[in-house]
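To keep things clear, I will list the structure first and then write my remarks on it.
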Amino acid sequence: MKVVSNDQMRAIENRVFDNYGLSPQIVMEIAGRQVAVIARRLQAQHPGTVVVVCGKGNNGGDGLVAARWLRQWGVDVQAVVWSSFEDLPADAAAALHAARMAGVPILLPAQAREALQIAGLIIDAVLGTGVVGSARGLAAEAIKLINQAERPVLAVDMPSGVSTDTGRAEGSAVEADYTVTFGLPKLGLFQFPAADLAGKVTVVDVGLAPRAIEAEGIAVELTSPKEVKSWLPEYSRNAHKGTRGKVLVAAGSRGMTGAAALAGEAALRTGAGLVTVAAPASSQPVVAALRPEFMTLPFPESERGGFALAAAEPFLERAARADALAVGPGLGVDPEAQAFVRKVVAASPAPLVLDADALKAFSGRLELLADAPVPLILTPHAGEMAHLLGLSVEAVQSDRLGAVRKAAELTKAVVLLKGAYTLVAEPGGAVWINPTGNRALGTGGSGDVLTGIIAGLLAQGMGAPEAATVGAYMHGLAGDRLAERMGSDGVLAGDLARELPLVQHDLRLGLSDLWETFQG
């Protein structure tokens, strides 16, 4: 599913109006009816009067259309209009007139507080995607009263007060329990605080012609289980360990051997046929004892217990027999280990995943990544991304989409920015938003499991963008499933790895989208 900015959505709508026989008034009618359908479904959970709070723009018009339909279906509904009739645009004014003629009680702002306090469901149609900067004047007052009512809220298109593109709220913003968004999901819904303020999101069809959407050339997409299933490797019945891909992992300096074991196990549980974990000589016996199914190799180590620079040549010789490499989990940050990473990247014979400590070797040296001879996947969290780009963590988090695109362009690599709604970007601007995952993933070793998953997928022949995208989806889905059974707190990274075979099994059978779409 494509994800759009505010400007892209306006361009699509204008294309529909100009070329496909729909008018703004017809689209408002369709959108408002869809809101009403969703609201009527929610009444089973939230019985009582539906109060529609309408602003002075077209979002308010959508709300008035919804109120009219609810009234026609026998629902007890009222509408509060925070504008004079003269200030309404033509389509919203027509919607207000039609709602009045249908018998919808139209309340003045002075009557809003009392109505909202006893509502079974509030529909927020104050601003939607129309906010620029902070909500002001009557709109800010309406948002304040909606939140003070502490009743269930259904937001129309976007919670009022948040940016459609950035998800930021510069002032007051509606705290919704549900959001119905029109045509396509908006970028702000995957960024915070909007991602928290939107509640459960439903995408509804409002008649946008597919060709009008395609003509916009949208480069951001929400990963779907159907897409993931189509990318998973397929095997004949006579497949064996030699045909399922070979992974070589460089990980596990002194005191961080668990990271190496988790990455190796995750690669195996993702389906790779053979996995070898390379570790500094003194750490290798510990790594070998942690997981008997993968092979281990000792390599020269530095005085600090990390990889020595002298380990690079023998590692690269071994790498020539691998289908994918993973470098970084528990690697250590001593100068020799960092030099080892740079030498491996410069001469790598196989696609390579770089994570954790390995990324630190390229701070201020992104051109070394851009010159790599093989496909690269970088998997930073926000702190590591800030280090790579020379930004603050706050700057990265305030524009995650911009940061991941910039990193992909500068490094010529596929970049996976971890976090809530993990992003995967490739050079050229294409981005996938990952909808899976929860706070259960916020545990030590979780990133090492993700590295192993991606390396395992690469080794089985998947391209770099697909491996990163599928890896993020599987990793998050494992966390979601565990949270359902165990709760979100106390899940261990090893639990994530052990969940992977079941995750992949169910993906192959076919799973429904996490984001609900509704045709009406």
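Quick note: the coordinates plus some simple rules give every number you see, no bench work behind them. Remember, predicted model here, so these are calculated numbers, not experimental data. Here the Cβ is made from the backbone with ideal geometry for all residues, glycine too, and neighbour counts use every protein chain on show.
Brief remarks follow.
- Peptides 55-65, 261-271, 376-386, 401-411 ranked from most to least packed give 261-271, 55-65, 376-386, 401-411, packing being the mean of other C-beta atoms within 10 angstrom over each peptide's residues.
- Segment 140-227 - Debye-derived log10 I(q)/I(0), Cα point model, q = 0.12, 0.21, 0.25 Å⁻¹: -0.40, -1.01, -1.26
- Of the beta bridges in the chain, as assigned by DSSP with both residues counted there, near 15 percent are antiparallel.
- Lys/Arg +1, Asp/Glu -1 at C-beta; the chain dipole; positive extreme among P280, V126, G188: P280
- Reference-scaled alpha-carbon Rg (2.2 N^0.38 Å with N residues) for the chain: 1.10
- Note on D371 and Q148: with the Förster distance fixed at 56 Å, the Cβ-Cβ geometry gives a FRET efficiency of about 0.45.
- The local environment of D124, defined by Cβ-Cβ distances under 13 Å, has a net charge of -2 under the rule Lys, Arg +1 and Asp, Glu -1.
- Between E114 and L514, the modelled labels are 4.5 nm apart [label points 7 Å from Cα along Cα→Cβ].
- Lysine pair count for segment 225-513 [Cα-Cα under 29 Å; pairs on different chains or 8 or more apart]: 22
- Within-14-Å neighbourhood charge of G103 [Cβ basis; K, R +1; D, E -1]: +2
- Cα-centred dipole magnitude for the chain, charges only on beta-carbon of K, R (+1) and D, E (-1), debye, nearest 20: 740
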